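Okay, structure first, notes after.
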Amino acid sequence: MVYGRGMGVFAGAHIMKIHPCASTGGSFHRCTMKTIRFFMIAIFFLGVQAQPVGAQGSPTEISSVATAPVPAARARGSTMGTTSWITAPVPLHTPEYAGCGGTTAPMINDDYEQQVVELVNAARLANGNLPPFKRADGLGAAARYHAADLGQDNYFSHDTYDLSGGNLVYVCNTWQRIVKYSSGANGENIAGGYSTPENVMAAWMGSPGHHDNILNSYSWEIGVGYYQGGGTYYTYWAQDFGRRSQVYPLVINREAASTGTRHVSLYIYGSWSEMRLRNDNSAWTDWQPFQTQSSWMLGGGVGVHSVTAELRKSGETATSSDTINLTNDDGSPVLGGLPEELHFMYSLSDQRFAPASFHATPRNLGGPETLTWTVTISGTWFTVTPLQGTTPGDFDITPLPVTGDTPDTYTGALTLTAASPTNASVQGSPATITVTMEVLDGSLYLVYLPDLQ
């Protein structure tokens, strides 16, 4: 989303990755971007190079009361690149947070953070059926603090800084901050300027380094932080990844927040000989051979339900649990799996869209029954292909070529209506997705991240 706030607003994404054997020292480097004409530039990571390359733009007048260095993108692996700097005007303000974390930042939008978790696990499923990450409170608190600190102190880095007298002062590195909230951290992605979970995930998945963090095989948990209301980018996102010692997550339905059916899937991390399960506070099942993946039926009744597992092998035991909200207990179909809004950007100077299209997958969250769906469009500037199908069939939303030559905002919507073969009422149908596009007179600049070893 573009925010007309009388100052330069950028959209960017940033990666922090640590190899399992890499150093966790505090050294760092930056690649940055010069101030640009208009009030939003999207940074999309389309490749990796051995050294960072900063994108250049034309100068413009920007309303601000102070100037400070603003890193635009940075990556860390087991090898380091060179350091480069530029500055951009930023507003001077008094931050609420100081020091190397440890403070609990308020949750701005839990739904946005949960959507990112679910989109991450959907991406992992689509890319090799990778195990789902478990949403962890400690990593979430670390990510949320960093997202808030980036916005309030107006910087863009994995390391932590304080704003003092208009200058950014280094405080601590990534791992020193995260360990205040959780042990076992092994990766981080950050981004600024993206308005929805779908937009920020599209940017991260379009960058090889961020993409690798999301699809890594050594993390078991994830935390997501979202902040809005300050800083050059106005909206800030952070993902922290980790794997704590002696913690073996149980994940219901790939960490979905809710389900419309009692029939769910379980994923349990670790290597065990036997397990037993129970719903809520009910009786345990008998001990049975351990399975990483299994099907399960929740306890009855609409509301939040828990599943707990006891795990054992020679000389070792563990307990793990997860919760999910059951929204429907009568087995009726529930339409879901769709975003609430989609946002495109188009550069007049580059004559290209970002992203080029969106991909959506309607699903029946109420059970295994296949639903038939149709799409109707409100708006003449985008297409949907196909316009009908069955769950879990996909469709793509693609903007049409822009014919004008001035900045503008396009709005529209698509409505998906689902039907059951038994003519049962489908909850959540029809579902409406708002679609917008910002036409910009600036460029969409590329920033290439250093190769990660």
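Which value does Rg/Rh take for the stretch 285-326 over its C-alpha atoms, Rh per Kirkwood? Can you show the working numbers first?
Working: Rg = 12.4 Å, Rh = 12.1 Å.
Computed over Cα atoms, the ratio is 1.02.
Solvent-accessible surface of the stretch 269-324, taken per residue with a 1.4 Å probe and all protein chains present: 54 Å². Here the Karplus curve 6.51 cos²θ - 1.76 cosθ + 1.60, taken at θ = phi - 60°, turns the phi angles of the stretch 182-193 into couplings of 7, 8, x, 5, 9, x, 8, 10, 10, 7, x, x Hz, with x standing for Gly and Pro. Close amide H contacts of L130 (hydrogens built in the peptide plane, cut-off under 5 Å, sequence separation of 5 or more or a different chain): L125.
For D322, nonlocal amide neighbours, meaning residues 5 or more places apart or on other chains whose placed amide H falls under 5 Å from its own, are V307. Taking amide H positions as modeled 1.01 Å from N, with prolines and chain starts lacking one, the residues under 5 Å from A185 and 5 or more places away or on another chain are R243.
Computed from phi, the 3J(HN,Hα) profile of the stretch 326-343 under the Karplus parametrisation 6.51, -1.76, 1.60 (θ = phi - 60°) reads 8, 9, 8, 10, 10, x, 6, x, 10, 7, x, x, 10, x, 7, 8, 10, 9 Hz, with x in place of Gly and Pro. Neighbours of T103, meaning other residues whose beta-carbon lies under 11 angstrom from its beta-carbon, give a summed charge of +1 when Lys and Arg score +1 and Asp and Glu score -1. Taking the protein heavy atoms of the stretch 124-186 in the context of the full set of protein chains, the accessible area attributed to carbon and sulfur is 49 percent at 1.4 Å.
Heavy-atom accessible area per residue, the stretch 99-203, 1.4 Å probe: how many Å²?
On the way: 3080 Å² over 105 residues.
So the stretch 99-203 comes to 29 Å² accessible per residue, rounded to a whole number.
The length gained by stretching the chain between V304 and D286 to full extension, at 0.36 nm per residue less their Cα-Cα distance, is 4.1 nm.
Between the C-alpha center of the stretch 154-176 and that of the stretch 185-249 there is a gap of 19 Å. Computed over protein heavy atoms with a 1.4 Å probe, the carbon and sulfur contribution to the accessible area of the stretch 404-448 reaches 49%.
With a cut-off of 13 Å between beta carbons, the residues surrounding L338 carry a summed charge of -4, where Lys and Arg count +1 and Asp and Glu -1.
The values are calculated or read from the model by the stated rules, or taken from the named source; none is laboratory data. In this text, all values refer to a predicted model and were calculated from it rather than measured experimentally. Here the Cβ is made from the backbone with ideal geometry for all residues, glycine too, and neighbour counts use every protein chain on show. Remember, those area values only see protein heavy atoms, side chains included, never the ligands or the DNA or RNA. Shrake-Rupley method; radii C 1.70, N 1.55, O 1.52, S 1.80 Å.
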